[in-house]
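Bear in mind these aren't lab numbers, they're just calculated from the coordinates by the rules spelled out. Here the structure is a predicted model, which is why all the values come from computation and not from measurement. Using ideal geometry, Cβ is built from the backbone for each residue, glycine included, and neighbour counts are taken over all protein chains shown.
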Amino acid sequence: MSRLFFGARLGLNGGSRGGFTPSILPSLKLWLPADRISGLVDGDPVTTWADLSGQGNHATQGTGAAKPLYKVGIANGRPGVLFDGVDDFMSLTAGAATAMLTGDHTVFAVVKWVTFGSDGRIVTVANGTASTRFSLRHLTGPVWNLAWTTGAAGFNASFSAGDIPSAIVPQVVECVQSGANISGLLNGTTGVSNTNAGTEAAAAQSMGANGSGAASFGNLYLMEFITYSAGLSAADRARVRRYLGAKYGV
């Protein structure tokens, strides 16, 4: 009883009722669910993580040592993609990166960490000088952190002290920008908010590391990653969170 009440308060349970999927909402640019990866068994390397948004923004990795692994039974009986924190990452397309960097956007990631370092990245988009212009990550502490462009210079802000990464349970981390307002949320609760007045062109982008895939490797299971090129309303974001919460037992 208490578990259901807690999940309902966060807006995370009961998500797929009525057949909801992320593709129901407009402006979907990237949808990577690990449970829709086909042709792999436990421990297989992931070369291509197919984008189900219909935009063709597949995540890829052609170098054997840098490929993350497909792992079963990670969250609520569902699989995840394991990034080893050493050299694993996947490259994203320019279309996916632009959706996270230019103008309004909404990003969701379902993550369970394995270990924490000083700068473990879920996703990073960098500019032409390799400076981070959008990222979801953890920093020393550990605390969740959101970085974004403000035009000429990047800005980053840590979530509140209680918003810590977990190696025990999956978490839904979220970013939404609407107009100049940008916020980061953990399990439906706002952890940080600020303004983002500028835009900047993306040059390098990856999941599991910094933009070029050369450092800041995250040691984590990624179960699902979703990006919209719009600042979704609070009601629509709650629908996505309910879908993810029910699916992964958040």
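Within the same chain, lysines fewer than 8 places from Lys112 are excluded, and of the rest, those with a Cα less than 19 Å from its Cα are Lys67, Lys71, Lys247. If R0 is 22 Å, the Cβ-Cβ spacing of Ala180 and Thr129 corresponds to a FRET efficiency of close to 0.40. Within segment 36-127, the percentage of alpha carbon pairs spaced more than 21 angstrom apart rounds to 36%. Once Rh is set to the Kirkwood radius over Cα pairs, what Stokes-Einstein translational diffusion coefficient, in µm²/s, holds for segment 82-206 at a temperature of 4 °C and a viscosity of 1.567 mPa s? The Stokes-Einstein estimate is 89 µm²/s.
Rg and Dmax, both from the Cα atoms of the chain and both in Å, are 16.4, 52. Label-to-label distance for Ala215 and Ile168 is 3.3 nm, based on points extended 7 Å past Cα in the beta-carbon direction.
Amide H to amide H, with H built 1.01 Å from N, Gly120 comes under 5 Å of His138, counting only residues 5 or more places away or on other chains. Shown in residue order for segment 85-98 are the 3J(HN,Hα) couplings computed by the Karplus curve 6.51 cos²θ - 1.76 cosθ + 1.60 at θ = phi - 60°: x, 10, 8, 7, 6, 10, 7, 9, 7, 4, x, 5, 5, 4 Hz (x for Gly and Pro).
The share of alpha-carbon pairs in segment 203-246 lying farther apart than 13 Å comes to 68%.
Working ranking of peptides 193-200, 137-144, 116-123 by packing, defined as the average number of other Cβ atoms within 10 Å per residue, highest first, is 116-123, 137-144, 193-200. Taking all Cα-Cα distances within segment 135-250, those exceeding 21 Å account for 40%.
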